[in-house]
């Protein structure tokens with residue numbers, strides 16, 4: 001499930017995947033770009049609250065919170081959307097935006 005989306009965003013990461021808070025994490029400039037989790041009923045992507053807010057129109061069909069997007073195998077997040085979320089957050093990190 002994660003192979004295609006991860007292939008699209010790994011180029012943005014400058015550090016290898018490391019579990020952060022026990023979640024696989026892509027890092028960039030020593031900051032987490034995205035966390036990933038999976039459970040029985042759904043998967044979650046944690047890109048950043050800024051990215052979720054920026055792309056809320058494209059995420060309207062998915063359950064979201066301030067920091068997470070939930071999806072299922074039956075209704076996966078499109079690879080392009082995952083890449084856009086991560087690229088947006090990467091630009092925020094480059095601009096030195098902080099929480």
Note: region 24-99 at 20 °C, 1.002 mPa s; Kirkwood Rh on alpha carbon pairs; Stokes-Einstein D in µm²/s works out to 170
Full extension between residue 60 and residue 95 adds, at 0.36 nm per residue less the Cα distance, a length in nm of 9.9 nm
Full extension between residue 53 and residue 74 adds, at 0.36 nm per residue less the Cα distance, a length in nm of 5.2 nm
So, relative contact order of region 17-87 in percent, Cα under 8 Å, 6 or more apart, is 23
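Values quoted throughout were computed directly from the atomic coordinates according to the rules given, and no laboratory measurement underlies them. Every value quoted in this text rests on a predicted model; they were computed, and no experiment measured them.
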